[in-house]
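The values are calculated or read from the model by the stated rules, or taken from the named source; none is laboratory data. The structure presented is a predicted model; accordingly, all values stated were derived computationally and were not measured. Cβ sites come from the backbone with ideal geometry, for glycine too, and all protein chains shown count toward neighbours.
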Amino acid sequence: MTREAGTVFDSRAATYDREFSDTQIGARMRAAVWQRCDARFQPGMRILEVNCGTGEDALHMARRGVSVLATDASGAMLRVAAEKIEAAGYRRSVDLRELAWEDLAQVEPGLFDGALSNFGGLNCVPDLAGAMRALAGCLRQGAVAVLCIMGPVVPWEWAWFLLQGKPGKAFRRLKTGGAKWQNLTIRYPRIAEVRRALGKEYRVLRVSALGALLPPPFTESMARRHQRLLGALNSIERRLETVWPLPQLADHYVIELERL
């Protein structure tokens, strides 16, 4: 996330895990991203994580023998992450650094075997092409970046908020120039826009859906009442996650890139 976003997310650090990571839907979404990380990142690799939040992903990778430079623009998020990682005994495997997307030039070039940006950090970036160039500078040739980005077309969101009589929220992701949230502009690029922003420095390996059949996190109250259905939808989505048009209709999509 950007420095500006880091200030906003300072206020969410204390409650983020309770409100998302530890929920029924949030845990399933994170597990789906971990499956892709496990497929791409092997023990002994060094991975750059941008917008690491409270350290859940960094800790998962560390437990698998992966070394992580976990960065975030929110100092409060990093303090939560540090306590969590220290308590789990993986402090030597995870280096935490307060760093925004626009500061990636401070990272030693070509050092990393892969990168992770989870759950919408790139949606806070005004210059997507610039962010991707900065990330490319950190990665060695052949490194894989796993990026989880919020998409613009989410039928679940349309139905949920229209039934509540909130058309503004239902279609906020379609607004030209992005949607305002807590003094930030959140942008929702289509997969095709991300592809254009990559330039000649990456090739796309895989794109998958996260929250097309699985309902989005804001439906947690409903999900708790229908856990068997939630599990079934998640299982079906994991089997079909790369099948068109699911990635185009998902709350998030996971795009995996090779650094050329």
Checked region 197-240 for anything at pLDDT 95 or above, of a type in the set (Asp, Glu) and over 30 Å from Gly137 (Cβ atoms); matches are Glu237
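Name every residue in region 106-119 that is crowded, with 19+ Cβ neighbours inside 10 Å and not polar (S, T, N, Q), in order of residue number.
Taking region 106-119 first, the residues crowded, with 19+ Cβ neighbours inside 10 Å are 107, 112-119.
Of everything in region 106-119, those that are crowded, with 19+ Cβ neighbours inside 10 Å and not polar (S, T, N, Q) turn out to be Val107, Phe112, Asp113, Gly114, Ala115, Leu116, Phe119.
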Flagged pairs (Cβ under 6 angstrom, 6 or more apart or on separate chains; first in region 74-98, touching a residue at least 24 places away in the same chain (Cβ under 8 Å); second of a type in the set (Asp, Glu) and surrounded by fewer than 18 Cβ atoms within 10 Å (Cβ to Cβ)) are Ser74/Asp10; Gly75/Glu98; Ala76/Asp10; Leu78/Glu98
Please work out if Ala100 is out of contact with any His (no Cβ under 7 Å at 6 or more places or on another chain), buried (at least 19 other Cβ atoms within 10 Å of the Cβ) and under 24 Å from Asp57 (Cβ atoms).
yes
Return the pairs, sorted by first residue and then second, in which the second residue is among the β-branched types (Val, Ile, Thr) and surrounded by 20 or more Cβ atoms within 10 Å (Cβ to Cβ), the first residue lies in region 205-230 and is more than 14 Å from Thr23 (Cβ to Cβ), the beta carbons are less than 6 Å apart, and the residues are 6+ apart or on different chains.
Val207/Ile255; Ser208/Val254; Leu210/Val254
Restricting to region 33-55, count the residues that are more than 16 Å from the chain's Cα centre (by Cα), not basic (Lys, Arg) and not in a loop (DSSP other than H, G, I, E, B).
1
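Each row is one residue, and each column tells you yes or no for (1) over 28 Å from Gly114 (Cα atoms); (2) surrounded by fewer than 14 Cβ atoms within 10 Å (Cβ to Cβ); (3) of a type outside the set (Gly, Ala, Ser).
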residue: Glu157; (1), (2), (3): yes, no, yes
residue: Trp160; (1), (2), (3): yes, no, yes
residue: Thr176; (1), (2), (3): yes, yes, yes
residue: Ala212; (1), (2), (3): no, no, no
residue: Glu220; (1), (2), (3): yes, no, yes
residue: His226; (1), (2), (3): yes, no, yes
residue: Leu229; (1), (2), (3): yes, yes, yes
One residue is enough: does region 177-190 have a residue meeting the conditions among the hydrophobic types (A, V, I, L, M, F, W, C), more than 26 Å from Tyr16 (Cα to Cα) and touching a residue at least 24 places away in the same chain (Cβ under 8 Å)?
no
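Please determine whether any residue of region 14-32 is outside any strand (DSSP E or B), under 26 Å from Gly130 (Cβ atoms) and either in contact (Cβ under 8 Å) with a residue 12 or more places away in the chain or of a type in the set (Val, Ile, Thr) (or both). Talk me through it step by step, then tell me what you get.
The first filter runs over region 14-32 and keeps only residues outside any strand (DSSP E or B), leaving 14-32.
With the extra rule that they be under 26 Å from Gly130 (Cβ atoms), the set shrinks to none.
No, the conditions are met nowhere in region 14-32.
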So Gln182, is it polar (S, T, N, Q), on the phi > 0 side of the Ramachandran plot and exposed (fewer than 15 other Cβ atoms within 10 Å of the Cβ)
yes
Selected residue (criterion: modelled with the highest pLDDT) from residues of region 106-139 that are part of a helix (DSSP H, G or I) and over 18 Å from Gly199 (Cα atoms)
Asn123
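When you scan region 18-32, how many residues do you find that are in contact with a helix residue (DSSP H, G or I) (Cβ under 6 Å, 6 or more places away or on another chain) and not small (Gly, Ala, Ser)? Before you say what the answer is, go through the steps one by one.
Narrowing region 18-32 to residues in contact with a helix residue (DSSP H, G or I) (Cβ under 6 Å, 6 or more places away or on another chain): 20-21, 23-26, 28.
Then keep just the ones that are not small (Gly, Ala, Ser); that gives 20, 23-25, 28.
Of the residues in region 18-32, 5 are in contact with a helix residue (DSSP H, G or I) (Cβ under 6 Å, 6 or more places away or on another chain) and not small (Gly, Ala, Ser).
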So, in region 194-240, of the ones that are among the β-branched types (Val, Ile, Thr) and outside any helix (DSSP H, G or I), which residue ends up nearest to the chain's Cα centre (by Cα)?
Val207
